[in-house]
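The values are calculated or read from the model by the stated rules, or taken from the named source; none is laboratory data. In this text, all values refer to a predicted model and were calculated from it rather than measured experimentally. Heads up, the Cβs are rebuilt from the backbone with ideal geometry, glycines too, and the neighbour counts pull from every protein chain shown. All accessible areas refer to the heavy atoms of the entire protein, side chains included, with ligands and DNA or RNA removed. Shrake-Rupley method; radii C 1.70, N 1.55, O 1.52, S 1.80 Å.
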Amino acid sequence: KVEKSKAGRPIAVALLMLVLAFTGLRAAAQEPVVLTLPDALNYALKANQNVRKAKLDVENSQYRIDEVRSRALPQISGSGSLTYNPLLQQSALPNIFGPNPNPDETILVSFGQKWGANAGIALSQNLFDKSVLTGLKAARTTEEFYRLNAQLTEEQIIEQVATYYYQLLVQREQLTVVDSTIANTTKVQQILKGQYDNGLARKIDVDRISVAISNLQASRQQLLNGIAIMENSLKFYMGMPVQTPIEIPAVAKGTIVPQAVLLSDSLDLSTRTELRLLERQEELLQYQKEAYKSEYYPSLSLSSNYSYQGIGNKVPVFKGKSQGVNWFDAASVSLNLRIPIFNGFATRSRIRQADVSIEKLKEDISLTESSLNLAFENAKTQINNNLITLNSQQRNVELAQEIFFNTQNNYNNGLASLTDLLDAENALTEAQNNYSTALLQYRLAE
């Protein structure tokens, strides 16, 4: 048995290695999802959990309308019971019954029957209840409120996804710049090493350029970490599984055509979903106040019921009148009027609380208007400033490239120092990064 077990181990290990290799191949074969900005936004509007919750709220609002409407419809209920009284209630009565009555004597008499059965149906209908009418209006406004909330949620998700998408583009652009710088610096390092081997360069210069390359590689690794974190954040806001590999295609800078904004442009607040949502909320608070006021109004309702009962000393379900069980029916119809008179000023207190809530919401509306105007003016200023920055940075990039190539040629010909070359290279990298950042800021402000 031991020999057989030892012989089977290599087979089990081989099978395990095959399974792991197959799993690895499947993982490697998973193609990354290519995401343009429209693709990312469309995916987020379908998969983001907050968006889906907002849509469920819209669906649920219709059910709330149905619930309120039910108060205006007839209410019908049925009932049934079977009762057994092992001990009947006794009452003390004067002895005025029988052949020998004696009023001074008290006797105990049992009332009722051992068994009782009852089956009935009841109906009620509100004829006038102001709170029901107010509730129906509020329910319709609630549905509109949740529709606006779903729209606002989608707008916020679009903003979040677009922001992370543009930030990811800038990170990748910076990575491209660093890779280009590393490639150029590596070429200089090879030239410098050849000069050092031929005794035409100093060792300190070789060490300095090695340190510069190490620093660039460290910056590149930091950028890679930042890109991975940014990709995970983007996938999170999209509602995409974090394990899904994605690929962001490069965007040609020529496709971004910055345009200035007139300083006289103003924001049309009536189109902002944030304010429309607050207006619906104010309307709901007004309906809530009306619902409290309706407590002062009388209410009128109609009710009716019908029952069929059987009582006797035997089980009435299975026994009839011939067995000592009596069956009879009863019915009633009533018109009910309820007039509120005094409830300890509770209604007045609720109305005043509603007034305070409405005043607080008006302050929220005023604050939202101010914040939206502030954001619009800041974005307008940022766009116009970024246009100046973009033009300046574009000239800086062209100039830095020219300086770097000239310095590189001078260094190769022994007319410039290594410090001059590294400074020119750093200036080019900084100019390229500044240009990418300015493009991002323009897009975000836009």
Report task. List the residues whose amide H sits under 5 Å from the amide H of T244, counting only those 5 or more places along or on another chain, with H placed 1.01 Å from N in the peptide plane. Result -> none
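Whole number in Å², please: accessible area per residue of segment 241-339, 1.4 Å probe, ligands, DNA and RNA not counted.
67 Å²
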Query raised in the report: Hey, what do the phi angles of segment 258-274 turn into as Karplus ³J(HN,Hα) couplings, whole Hz, using 6.51/-1.76/1.60 and θ = phi - 60°, x for Gly and Pro?
Result: x, 10, 6, 10, 5, 5, 7, 4, 10, 8, 7, 5, 5, 8, 7, 5, 4
Query raised in the report: Which whole number in µm²/s is D for segment 91-137 by Stokes-Einstein, with the Kirkwood Rh taken over Cα pairs at 37 °C and 0.692 mPa s?
Result: 200 µm²/s
Query raised in the report: Considering only I204, P241, T407, whose Cα is most displaced toward the positive end of the charge dipole of the chain, charges sitting on Cβ of Lys, Arg (+1) and Asp, Glu (-1)?
Result: P241
Query - Highest-first arrangement of 331-342, 400-411, where packing means the average Cβ count within 10 Å - result: 400-411, 331-342
Query - HN-Hα J in Hz across segment 303-320 - Karplus 6.51, -1.76, 1.60, θ = phi - 60°, x for Gly and Pro - result: 9, 8, 8, 9, 9, 10, 10, x, 9, x, 8, 10, 4, x, 5, 10, 10, x
Query raised in the report: Taking the Cα centre of segment 88-147 as origin and charging only Cβ (+1 Lys, Arg; -1 Asp, Glu), how large is the dipole, in debye to the nearest 20?
Result: 460 debye
Requested in this report: Compute the distance in nm between two label points, each set 7 Å from the Cα along the Cα-to-Cβ direction, one at D39 and one at Y296.
Outcome: 6.3 nm
Query raised in the report: Helix-derived [θ] at 222 nm for the chain: sum -39500 (n - 2.57) over DSSP H runs of at least 4, divide by residue count, nearest 500?
Result: -23000 deg cm²/dmol
Query raised in the report: Any idea of the accessible area per residue across segment 36-102, 1.4 Å probe, to the nearest Å²?
Result: 72 Å²
Query raised in the report: So, with +1 on the Cβ of K and R and -1 on the Cβ of D and E, and no other charges, what is the size of the charge dipole of the chain about its Cα centre, to the nearest 20 debye?
Result: 2060 debye
Query raised in the report: Residue farthest toward the positive end of the dipole of the chain, with Cβ of Lys/Arg at +1 and Asp/Glu at -1: which of L93, A431, L267?
Result: L93
Query raised in the report: How large, in percent, is the carbon and sulfur part of the accessible surface of segment 136-274 at a probe radius of 1.4 Å?
Result: 53 percent
Query raised in the report: Can you run phi through the Karplus equation (6.51, -1.76, 1.60; θ = phi - 60°) for segment 441-446 and list ³J(HN,Hα) in whole Hz, with x for Gly and Pro?
Result: 4, 5, 4, 5, 5, 5
Query - Most mobile listed residue (G80, G98, G310) in the chain, GNM with C-alpha springs under 10 Å - result: G98
Query raised in the report: Scattering from the C-alpha atoms of segment 211-278 alone, worked out with Debye: what is log10 I(q)/I(0) at q = 0.16, 0.18, 0.21 1/Å?
Result: -0.93, -0.95, -0.96
Query - Selection from S307, I76, T186 lying farthest towards where the dipole of the chain points positive, charges on Cβ - result: S307
Query raised in the report: Roughly what would the spin-label model give for K53 and D268, points 7 Å off Cα along C-beta, in nm?
Result: 3.2 nm
Query raised in the report: What's the percent breakdown of Cα-Cα distances in the chain across 20 Å bins, shortest bin first?
Result: 14, 26, 23, 18, 11, 6, 2, 0
Query raised in the report: Given q = 0.15 Å⁻¹, what are the Debye log10 I(q)/I(0) values for segment 109-159, with equal point scatterers placed on the Cα positions and solvent ignored?
Result: -0.70
Report task. Report Rg/Rh for segment 259-299, rounded to two decimals, where Rg is the Cα radius of gyration and Rh the Kirkwood radius. Result -> 1.42
Report summary line: Given unit charges at Cβ for Lys, Arg (+) and Asp, Glu (-), the dipole magnitude of segment 235-386 about its Cα centre in debye, nearest 20, is 1040 debye
Query raised in the report: Using just the C-alpha positions of segment 283-416 as equal point scatterers, what log10 of I(q)/I(0) does the Debye formula give at each q in 0.11, 0.19, 0.20, 0.22 1/Å?
Result: -0.82, -1.11, -1.15, -1.21
**Report entry** Within a Gaussian network of the chain (alpha carbon springs, distance under 10 Å), most fluctuating of A291, A201, A44
**Finding:** A201
Requested in this report: Report, largest value first, the span of the C-alpha coordinates of segment 195-247 along each principal axis, in whole Å.
Outcome: 60, 14, 11
